[in-house]
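Encoded as structure tokens, the structure appears first; notes follow it.
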Amino acid sequence: MDIFERTELLLKEANDTTISTAEELEKFRIRFLGTKNVLKDIFAEIKTVPNERKKEFGQLVNSVKQAAEDKFAAHQEKLQHSTADTASIDLTLPGDVTTIGARHPIQIVKNQIVDIFKRLGFAVEEDREIEDDWHNFTALNMPEDHPARDMQDTFFINVNPDVVLRTHTSSVQVRVMENQKPPIRILSPGRVFRNETISARSHCFFHQVEGLYIDEDVSFADLLQTLDFFVKELFGQDIKIKVRPSYFPFTEPSAEVDVTCFICGGKGCNVCKYSGWVEILGCGMVDPKVLENCNIDAKKYSGFAFGMGVERITMLKYQIKDIRLLSENDTRFLEQFKAAR
């Protein structure tokens, strides 16, 4: 029996094989379509076929393979439908519970903050998390001996000590000031990194939202009006703000902002440590030296900047006592925020 006759028999077998069970279908697949199928042995003998008949032989082998594939596909679909039709289904059983996801509380609060400032004309700017020394420190008026440069605070890249994981989103503001002319009114949300011990109150990464407004004749009063509007929109119209002098190397004067404790209404509780006030952000007028570092005329333009930690506001707003809950992805914790917007 020559190779053509043997191939013809395989074609007949592929067409005539009766398949009625899944086991028979699997045997058929292994014989004709498996990795060691019978056609491989046949095709290996093509060297014995005369050159003028090799095309004919190839077409015959392809016919066997095509017939096997068609039969397998048809019986596979038929058996699947048969199994579904004959399976015992108890229609009284309850359906599978579909778990609906929820926005992360940090994302909820960040969106609320961004939406409020967008209504004041602030545009959102985002940029890289790996920064160089100039944009993260030097341009922001931080001398080399400033505590923020200490290894206890900053993650430096060992290969290049001039490269760091950004410690604040102020670096985004520097890049914008370098590439845009005033007026500038931006909001820069994003993740930042600090080389700190992880505890219930601090983490090695967290999220910030920082704002910057540069224009002619911008005053501290403009800053206070902006923050007062923001606080009332986020926490309620009855909330008041209190401004305390502070120090930041890139603003002068600088201040920290407290708000009426929205848990107790200013009466005193464990959240506000019975003072009636909680701190939410730092702010100040942009130091003229920072403007000059970014090639902005400090004699013509002035501006204010502010920054807040999203985790801190989230923990205050939802009375979360451990910051680690915000990054553990525990669905039992996250499910509590399904109704939040």
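A short reminder: the numbers here are calculations on the coordinates, not readings from a lab. Just so it is clear, the structure is predicted and the values come from calculations on it, not from any experiment. We place every Cβ from the backbone using ideal geometry, glycine too, and count neighbours over all the protein chains shown.
For the reader, a short list of remarks on this structure follows.
- Region 1-115 shape via C-alpha gyration tensor axes, a/c threshold 1.5: oblate
- If R0 equals 30 Å, the separation of the Cβ atoms of Leu93 and Tyr318 corresponds to a calculated FRET efficiency of about 0.20.
- Arg191 versus Ala22: modelled label distance in nm, points set 7 Å from Cα along the beta carbon direction: 4.3 nm
- Of all DSSP bridge pairs formed entirely within region 105-337, close to 95 percent run antiparallel.
- Across region 34-46, coupling constants 3J(HN,Hα) worked out from phi with the 6.51/-1.76/1.60 Karplus curve, θ = phi - 60°, read x, 5, 10, 6, 5, 5, 5, 5, 5, 5, 5, 8, 4 Hz, and Gly and Pro carry x.
- Environment charge at Cys264 (Cβ cut-off 15 Å; Lys +1, Arg +1, Asp -1, Glu -1): +2
- Region 218-321: C-alpha gyration tensor shape, a/c 1.5 cut-off, then a/b vs b/c: prolate
- Length gained when the stretch Asp153-Lys36 is fully extended (0.36 nm per residue, less Cα-Cα span): 35.9 nm
- Summed over qualifying helices (DSSP H, 4 residues or more, each -39500 (n - 2.57)) and divided by its residue number, the chain shows a 222 nm mean residue ellipticity of -11500 deg cm²/dmol.
- Residue by residue, region 153-170 carries 3J(HN,Hα) couplings of 9, 10, 8, 9, 7, 4, 5, 9, x, 7, 10, 9, 7, 4, 9, 6, 8, 4 Hz when phi is fed to the Karplus relation 6.51 cos²θ - 1.76 cosθ + 1.60 (θ = phi - 60°); x denotes Gly or Pro.
- Relative contact order of region 105-337, pairs being alpha-carbon contacts under 8 Å that are 6 or more residues apart, as %: 20 percent
- Cysteines of the chain lacking any other cysteine Cβ under 4.7 Å from their own Cβ: Cys204, Cys283, Cys294.
- For the pair Gln76 and Ser202 in one chain, pulling the backbone fully straight at 0.36 nm per residue adds 39.6 nm over the alpha carbon distance.
- Database remark: amide H of Thr251 closer than 5 angstrom to the amide H of Asp287 (H placed geometrically; neighbours at sequence offset of 5 or more, or on other chains; Pro and chain starts carry no H).
- Computed label-point distance, nm, for sites Val271 and Glu292 using a 7 Å Cα→Cβ extension: 4.5 nm
- Span from the region 233-282 Cα centroid across to the region 194-226 one, whole angstrom: 13 Å
- Proximal charge balance of His75 [Cβ under 10 Å; K/R count +1, D/E count -1]: 0
- The Asp127 and Asn160 beta-carbon pair, evaluated with R₀ = 22 Å, returns a calculated FRET efficiency of approximately 0.75.
- Region 50-72 versus region 319-341: alpha-carbon centroid distance in Å: 62 Å
- Between 0 and 90°, nearest 10: helix 3-16 axis offset from the chain longest Cα axis: 70 degrees
- Positive minus negative residues near Ala298 (Lys, Arg vs Asp, Glu; Cβ under 15 Å): -4
- One decimal place: the segment Asn62-Glu178 gains 35.1 nm when fully extended, by the rule 0.36 nm per residue minus the C-alpha distance.
- With the simple model of a label 7 Å out from the Cα in the direction of the Cβ, Lys300 to Asp2 spans 9.4 nm.
- Computed packing ranks the peptides 41-49, 94-102, 9-17 as 9-17, 41-49, 94-102, most packed first, by mean other Cβ atoms within 10 Å.
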